[in-house]
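Here the structure is laid out as structure tokens; the discussion comes afterwards.
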Amino acid sequence: MTWIDCDSQHLEAIRCIFNEAIVTSTALYDYQPRSPETMQVWWAAKQAGHYPVIGVLSDTGDLMGFASYGPFRTFPAYKYTVEHSVYVDSRFRGRGLGRQLLERAILAAEAQGYHAMVGVIDADNAVSVALHESLGFHRCGEMREVGFKFGRWLNLVIYQKLLSVPDAPVDG
Ligand SMILES: CC(C)(COP(=O)(O)OP(=O)(O)OC[C@H]1O[C@@H](n2cnc3c(N)ncnc32)[C@H](O)[C@@H]1OP(=O)(O)O)[C@@H](O)C(=O)NCCC(=O)NCCS
């Protein structure tokens, strides 16, 4: 297995992983699979914000999973906070990859001087909740019935982790 910084050649594999989660689960609150064009917009936003997309390849070169982050909210004073995501191809789950991807995302956010990481998780996503709790994320709250998918209301849980940087945060 090889750890990589994803580039645009991995977009199609990322799209497949997203789309499997969209059609089979409430991990993502999309109804429709994402198009290649949507992924181009997603990728452009990662590039523009200098947000990493951390990937892990199998020995045969398949993308097994990825983690990334982006803005939490767009108002300027949120500049030290990111919202992250982590996805593992269903064929490779339960072998510690999600944990290692999220650990690497935390290190990357720290290296880039972010102070807070936020995970917004469907309340029924027991694996993601367990993963976040095991990596020291603190549960900040629950929002009930803010989503509707597969004919039922969905609840969100919000997790955060504070990082020990930056040393000298500034306004503006
Ligand atoms: C959530 C996800 C990224 C976790 O990745 P993974 O590689 O399957 O998870 P790992 O093997 O690294 O396990 C991480 C933790 O989850 C928990 N876990 C793993 N599989 C589990 C299972 N089947 N049931 C309950 N908990 C489980 C364990 O607590 C484990 O912690 P440990 O290392 O202390 O034992 C992955 O399952 C996934 O991509 N799911 C679909 C998309 C998704 O939900 N993304 C997160 C959106 S918020």
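The values are calculated or read from the model by the stated rules, or taken from the named source; none is laboratory data. Please read these numbers as outputs of a predicted model, since none were measured by experiment. We place every Cβ from the backbone using ideal geometry, glycine too, and count neighbours over all the protein chains shown. SASA here: full protein model, heavy atoms, side chains in, ligands and nucleic acids out. Shrake-Rupley method; radii C 1.70, N 1.55, O 1.52, S 1.80 Å.
Key figures for this structure:
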item	result
Flag for residue 62 being at pLDDT 95 or above, farther than 25 Å from residue 127 by Cβ and not basic (Lys, Arg)	no
Extreme residue, farthest from residue 15 (Cα to Cα), among residues of the stretch 71-89 that are loosely packed, with under 14 Cβ neighbours inside 10 Å and without any contact (Cβ under 8 Å) to a residue 40 or more places away in the chain	75
Inter-residue pairs, beta-carbon under 8 Å, first in contact (Cβ under 8 Å) with a residue 24 or more places away in the chain and in the stretch 14-31, second of a type in the set (Lys, Arg), 6+ apart	15/34; 18/34; 26/149; 29/149; 31/149
Yes/no for residue 92 being free of Cβ contacts under 8 Å to residues at least 60 places away in the same chain and open to solvent by less than 40 Å² (accessible area, probe 1.4 Å)	yes
Subset of the stretch 116-172 [open to solvent by 90 Å² or more (accessible area, probe 1.4 Å) and among the polar types (S, T, N, Q)]	164
Qualifying positions in the stretch 1-11 - assigned to a helix (DSSP H, G or I), in contact (Cβ under 8 Å) with a residue 12 or more places away in the chain and either exposed (fewer than 12 other Cβ atoms within 10 Å of the Cβ) or touching a His at 6+ places or on another chain (Cβ under 6 Å) (or both)	none
Spans of strands (runs of 3 or more DSSP E) in the stretch 51-139 with at least 1 residues near the ligand (Cβ under 7 Å from one of its atoms)	63-71, 81-88, 116-122
Looking only at the stretch 36-62, and only at residues there that are touching a residue at least 40 places away in the same chain (Cβ under 8 Å) and over 16 Å from the mean Cα position of the chain (by Cα), the one that is most open to solvent (accessible area, probe 1.4 Å)	59
Meets criteria (part of a loop (DSSP other than H, G, I, E, B) and in contact with a helix residue (DSSP H, G or I) (Cβ under 7 Å, 6 or more places away or on another chain)) for residue 34	yes
Set 114, 78, 159: member being out of contact with any Lys or Arg (no Cβ under 9 Å at 6 or more places or on another chain), of a type in the set (Phe, Trp, Tyr) and modelled with pLDDT of 95 or more	78
Residue check, residue 98 modelled with pLDDT of 95 or more and farther than 24 Å from residue 15 by Cβ	no
